[in-house]
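Below is one structure, written out as structure tokens, with a few remarks after it.
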């Protein structure tokens, strides 16, 4: 082929293809990606490592009136839970741009003994309590005014951007 087919040709062709074909193609591709994933990742623990984050995607409010984010700005938010085994997403969800990150985190079912790495946007002490009861571990930076006590201080690896390593327990004071 000297040039790629036009969008309209692909669109017409896809109208006649059953959606099940794409599902089969997805799961075949997923299986191949998972088979190629390294069996050992360079991680201190044997637990499943997950990263939780979101990205705000700006949209033109004139074209996407349904995506109102601010007075003159449109946006949607892409929420993603990345499984570091094969670097494939475990969860993807698109919401309005104004949806707070932790809103979706509260509805996730995370496997026991997993470790979730996330930023401060996900700090919710009731969620942390539930995860702790479910034996889900999590890593985040605490808010500066968080009431906590240090349970254990861990050695910090050299030549890394890690300031400190502490196991903490949240307190009510």
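Details
- Arranged from fewest to most other beta-carbon atoms within 10 Å of their beta carbon, 88, 127, 63, 50 become 63, 88, 127, 50.
- Two-site FRET efficiency, residue 99 against residue 127, from Cβ-Cβ distance with R₀ of 22 Å, rounded to 0.05: 0.90
- Residue among 97, 74, 31 with the largest mean-square fluctuation in a Gaussian network model of the chain, springs linking Cα atoms under 10 Å: 31
- Average projection area in nm² (convex hull over Cα atoms of region 53-95, one quarter of hull surface): 3.2
- Nearest 10 degrees, 0 to 90: helix 7-16 Cα axis against the chain principal axis: 90
- Ordering of 103-109, 149-155 by burial proxy (mean other Cβ atoms within 10 Å per residue, highest first): 103-109, 149-155
- Across region 46-170, the volume of the C-alpha convex hull divided among the residues equals 153 Å³ per residue.
- FRET efficiency for residue 119 and residue 46, using Cβ-Cβ distance with R0 set to 25 Å, rounded to 0.05: 0.55
- Largest GNM mean-square fluctuation among 75, 67, 35, using the chain with Cα springs under 10 Å: 35.
- Among 57, 115, 162, the residue with the largest mean-square fluctuation in a Gaussian network model of the chain, with springs joining Cα atoms closer than 10 Å, is 162.
- Residue-span extension gain [residue 145 to residue 164] - 0.36 nm each, minus C-alpha spacing: 5.1 nm
- Value of relative contact order over the chain, rounded to a whole percent, pairs C-alpha under 8 Å and six or more apart: 15
- In terms of surrounding Cβ atoms within a 10 Å radius of their Cβ, 26, 128 rank from fewest to most as 26, 128.
- Nearest 10 degrees, 0 to 90: helix 19-36 Cα axis against the chain principal axis: 40
- Looking at the chain alone, DSSP beta bridges between its own residues are antiparallel in about 80 percent of cases.
- Here the sum of -39500 (n - 2.57) over DSSP H runs of 4 or more residues, divided by the residues of the chain, equals -7000 deg cm²/dmol at 222 nm, to the nearest 500.
All of the numbers you see were taken from the coordinates with simple rules; none came from a lab. Bear in mind that the values here come from a model prediction, so they are computed numbers and not experimental data. Every residue, glycine as well, gets a Cβ built from its backbone with ideal geometry; the counts of neighbours run over all protein chains shown.
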